[in-house]
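Chemist: My questions will all concern the structure given below.
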Amino acid sequence: MVGRADMGRQRSNNEDSVGLEPQARPWPVAVLADGMGGYNAGEVASVMAVELITTSVQHGPAADESMLAAQCELTDALHMANTAIYAAAQSTPGCSGMGTTVVAALVLASEVLIAHLGDSRAYAWRAGRLQRLTRDHSLVQQDIDAGLISEADARTSRYGHLVTRALGVMPQVEPELSHWLLQQGDRILLCSDGLTDMLSDASLETLFEENLPLARLQEALIEAANAAGGKDNIGVVLIEQDA
């Protein structure tokens, strides 16, 4: 696999944090987090999430690279990060109430495992189609699922940033897992809502259709979100399955 991780900054304090370790063992790992909380607390939470999760999964069972082992390691990593962020929020001045959304990916031999909490997302691109791999943990998504509002209405809802799951907000969390069977040429996108608030899934798909090199695609995604209004920090991680 090859990968790229970057952020487009809009706010003076950047609450997005990204990490990518393509050579990590037993699994290459990517993590993106979008922090919440006053002053710099959100930034503290997102940096903690990326560093703790990335480090934790690299200490997984080297002799067992199975999907079951990966699921256990990634889930345990998110639980550990949640405990640490929650404890820091309770004990550190200025960090009360901090938390962070997170989306993390482990790349196995033939598939990618995704875990997420909140509204940071994962997508997969293959053969001209962009598919969303995660479903937002948010009040707006609950209304969409219940048929109360449309996807288009959700983009302008004043409740758009109210998430129902996040790291560090409660003593316990329940990350949601999903996976994608990889084929050569697949691209995986992890992103914060700084990207998806500005660009619809159709707009993202149009950019992927240009078949740009990975580095240029990353730049194009950030540039397009900024051109559309760029109201928030923009975190983007791209992974490509090579031969």
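Chemist: Arg158: within 21 Å of Val18 (Cβ to Cβ) and either without any contact (Cβ under 8 Å) to a residue 40 or more places away in the chain or open to solvent by 40 Å² or more (accessible area, probe 1.4 Å) (or both), yes or no?
Modeler: When the stated conditions are applied, Arg158 does not pass them.
Chemist: If only one of Leu117, Leu78, Leu74, Leu113 is in contact with a strand residue (DSSP E or B) (Cβ under 8 Å, 6 or more places away or on another chain), open to solvent by less than 20 Å² (accessible area, probe 1.4 Å) and closer than 19 Å to Ile234 by Cα, which one is it?
Modeler: Answer to the selection: Leu117.
Chemist: Now for a separate question. When you go through (1) at pLDDT 95 or above; (2) open to solvent by less than 40 Å² (accessible area, probe 1.4 Å) one by one for Gln172, which number turns out not to apply?
Modeler: The single condition Gln172 does not satisfy is (2).
Chemist: Search region 137-151 for residues that are closer than 17 Å to Glu176 by Cα and at pLDDT 85 or above and pair each with any residue that is part of a loop (DSSP other than H, G, I, E, B) and hydrophobic (A, V, I, L, M, F, W, C) when their beta-carbon atoms are under 6 Å apart and the residues are at least 6 apart or on different chains.
Modeler: If the second residue must be part of a loop (DSSP other than H, G, I, E, B) and hydrophobic (A, V, I, L, M, F, W, C), the pairs left are Leu139/Leu162.
Chemist: Quickly run through region 35-52 and pick out the residues that are at pLDDT 95 or above and among the charged types (D, E, K, R).
Modeler: Scanning region 35-52 gives a single hit, Glu51.
Chemist: Checking the condition of a type in the set (S, T, N, Q), within 26 Å of His179 (Cα to Cα) and surrounded by fewer than 16 Cβ atoms within 10 Å (Cβ to Cβ), which residue from Gln23, Gln58 passes?
Modeler: Gln23
Chemist: On to the next question. How many of the residues in region 208-243 are small (Gly, Ala, Ser) and not in a helix (DSSP H, G or I)?
Modeler: The qualifying residues number 5.
Chemist: Another question about this same structure. Exactly one condition in (1) in contact with a His (Cβ under 7 Å, 6 or more places away or on another chain); (2) of a type outside the set (Gly, Ala, Ser); (3) modelled with pLDDT under 95 is false for Arg165; which is it?
Modeler: Here Arg165 meets the rest and fails (3).
Chemist: Show the residue pairs that are 6+ apart or on different chains and have beta-carbon atoms under 8 Å apart, the first residue being within region 167-196 and under 19 Å from Ala41 (Cα atoms), the second being among the basic types (Lys, Arg) and surrounded by fewer than 19 Cβ atoms within 10 Å (Cβ to Cβ).
Modeler: Gly194/Lys231
Chemist: Okay, moving on. Return yes when Ala5 is closer than 30 Å to Ala228 by Cβ and at pLDDT 90 or above and no when it is not.
Modeler: So Ala5 does not fit the description; no.
Chemist: For region 187-207, name all the residues that are small (Gly, Ala, Ser), open to solvent by 10 Å² or more (accessible area, probe 1.4 Å) and in a helix (DSSP H, G or I).
Modeler: Scanning region 187-207 gives Ala202, Ser203.
The values are calculated or read from the model by the stated rules, or taken from the named source; none is laboratory data. Everything numeric here is computed off the predicted structure, so don't read it as measured data. Ideal geometry is used to build each Cβ from the backbone, glycine not excepted, and the neighbour counts take in all protein chains shown. For the accessible areas, the whole protein counts, side chains as well, though only heavy atoms, and no ligand, DNA or RNA atoms are used. Shrake-Rupley method; radii C 1.70, N 1.55, O 1.52, S 1.80 Å.
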